[in-house]
Amino acid sequence: MTPTPRRAVLAAAVAAAAGGTAAVTVGLAHAGGSRRAAGPAPASTIGNRAWATAAQWREGTGEGTAVLTGPRPGLTLARPAGTLEYADPHTGTTRRWEYATWTSPEARPAAPATELIPSWNAETPAGTWLRAEVRATYTDGAESPWYTLGVWASGDGDIRRTSVDGQGDGRSTVWTDTLAVDDPAGPLLAAYRLRLTLCRAPGGSAAPTVRRAGAMTSALPDRFEVPATAPGPAAGTELVVPRYSQNVHLGRYPEYDNGGEAWCSPTSSQMIVESWGHRPSPEDLAWVDPSYSDPQVCHAARRTFDWGYQGCGNWPFNAAYAATHHGLRSVVTRLAALTDAERLVAAGIPLITSQSFHEAELEGAGYGTSGHLMTVVGFTAEGDVIANDPAAEDNAGVRRVYPRRAFENVWLRTRRLDEQGRERSGTGGVCYLYFPGTPTAAQRRALASVGVR
C-alpha cells in the first residue's frame, strides 16, 4: 500500500471558477463526471512510444551522445557537450558535472491525452546519473515548458534520485511521476518530446547508458464500473513467482519509509525481478542488517526510494530498478481490459497492478487501501485472478485468489466511492511490465498486443 505522504496525483483538488461550486479532480477522476454503469468498452486511448533500437535512437537529436549498436543497443555519453551545476536538494551539495543531451523526435499519440507517464531503462555506473524531461504540445498548438520527470541514478552515492513536484504552467502539472492536464475539458496533450541529459563527473571515464526510453499517454473515461470480461487465454495458468510479504519489514529502515505498507511497490518489483532469475549479489546486500529476512526486499526499497516523494512508490523508478538487472526491460503502462493481462500471463509475463478499494470491494483481501501494488501471476480455471499480494503477514500468506469481476473493476476503474461515500480516484489499469530484452515470439506478440514494442 502506498506510503504517507500520499502521491499528490491521487489527491489534487481545484475550485470551480464559476458559481462558487467545487469540482474535485483526483487522479483520473475528472471534474464534472457522474456515476456511470458498466457499458461497452470504449475505444482505447492508451498509447506507448519508445526508443530502444539503434535506428530509433538515431531518430533523435544528440549533443555529445553516441548510439551504441550490436546486440545491446543504447544511447551513451560520448563527449561532453559542456558542464552544468546540480544543486542536490536532498544532500545540500552543489557539484559540477559534464553532460550530453538527446532529444526525441515529436511523438504524436493517436488520441489526445490527459496524462503522460514516462519510463526509462538505464545503467548509471558510479559517478554518473541522468535527468528525464518532457515538453508537451497542447491541442491548441501551445507548448509546455520542459518538465523534469525524474533525476535518477541506480545507486545513491552521487545524487539522490528524486521527482520534482511544483511544476506547472496553468494548463498541466507534474504530480510526482505523472504529467496531467489541469482541466480535461480544456486543451489536451497532442504531442510530446522527451529529453535525456546524461551526466558524469568531470574527467571521468564512466558514462550512463540508456537502453530504452519512452512514455505512455492516455485519456481514460470517467467510470465507476468497467465492462465484465469472460475467462481468456490464461485460464488455468499460474506462473512460478517468489512470494514476499511487505509486512515482515515493518519498522526496517525508516530512512526508506519504514517498511510495511510503504513497501508494496518494491516488494512486488522484487518478486517479478526474481521470477526472471535475478537476485542482488552479496556485495549489493552487504549494507542490510544480517538479522533481517529477505534482505533483497530492503535492497529494492533503497533502490526505488524517491527522495522528493519520500517513498518507494514512484512508478518509473520501480520500472527503472527492474531494468538495472542485465537482460531485463521494463515499462509503466495501462491495460484496457483484464484479457490484456491474460495474454501476457499466457505468454509467461507476470505483471504488477496498481489499485485502490475499500475492504468490502475485494473479497479475500481483508484490508482496504487508497493505493496498493500487487502482482498478477495467473488465473484459475474459472478465470479468477491469482495474485502474489505483498499485503500479507508473512510470505506464506502472499498467494491470494481474487474474484475476477471484483479485481478487474477495482484495477481498471477511474472513479470510486470510499467507505464514507466520498468520491475518490482509481488508477485506470496502471501496471508495470518487466520482460526479457530478447523475448520469445509469443512474448513479443503479447507485448505488442498491449502496445509495448
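Numbers for the structure displayed
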read-out: GluC sites (Glu not before Pro) within the range 285-384, DSSP loop, no more than 15 other Cβ atoms inside 10 Å; value: 363, 382
read-out: FRET efficiency estimate (nearest 0.05) - Cβ-Cβ, residue 79 to residue 230, R0 56 angstrom; value: 0.50
read-out: Ratio Rg/Rh [Cα only; Rh per Kirkwood] for the range 237-449; value: 0.95
read-out: Charge context of residue 98, other residues only, Cβ under 14 angstrom, K/R +1, D/E -1; value: +2
read-out: Whole-number percent relative contact order across the range 301-453, with pairs defined as alpha carbons under 8 Å at least 6 apart; value: 27
read-out: Which of 173, 159, 61, positive extreme of dipole for the range 47-218 (C-beta unit charges); value: 61
read-out: Radius 10 Å from Cβ of residue 347, net charge of other residues (Lys, Arg +1; Asp, Glu -1); value: +2
read-out: Estimated translational D of the range 47-218 in µm²/s (Stokes, Kirkwood radius over Cα pairs; 10 °C; 1.306 mPa s); value: 97
read-out: Built amide H within the under 5 Å cut-off of residue 329, gap 5+; value: 435, 437
read-out: Linear extension gain, residue 53 paired with residue 326, 0.36 nm per residue minus alpha-carbon span; value: 96.6 nm
read-out: Stokes-Einstein D for the range 202-262, Kirkwood Rh over Cα pairs, 25 °C, 0.890 mPa s (µm²/s); value: 133
read-out: Nearest-0.05 FRET efficiency for residue 206 and residue 292, computed from C-beta distance (R0 25 Å); value: 0.20
read-out: HN-Hα J in Hz across the range 108-118 - Karplus 6.51, -1.76, 1.60, θ = phi - 60°, x for Gly and Pro; value: 10, x, 5, 10, x, 10, 9, 9, 9, 10, x
read-out: The chain - Rg over Rh from alpha carbon coordinates, Kirkwood radius; value: 0.94
read-out: Relative contact order of the range 47-218, defined on C-alpha pairs under 8 angstrom at six or more residues apart (%); value: 32
read-out: At R0 = 30 Å, FRET efficiency that the Cβ-Cβ distance of residue 281 and residue 69 yields, to 0.05; value: 0.55
read-out: Over the chain, relative contact order from alpha-carbon pairs under 8 Å, at least 6 apart, %; value: 19
read-out: Gain in span if fully extended, residue 88 to residue 393, counting 0.36 nm per residue against the direct Cα distance; value: 106.1 nm
read-out: Estimated 222 nm signal from helices in the chain, with DSSP H stretches of n ≥ 4 weighted -39500 (n - 2.57), rounded to 500; value: -4000 deg cm²/dmol
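Where a number appears in this text, it was derived from the coordinates with a stated rule and is not lab data. Because the structure is predicted, anything quoted here is derived from the model rather than measured. We place every Cβ from the backbone using ideal geometry, glycine too, and count neighbours over all the protein chains shown.
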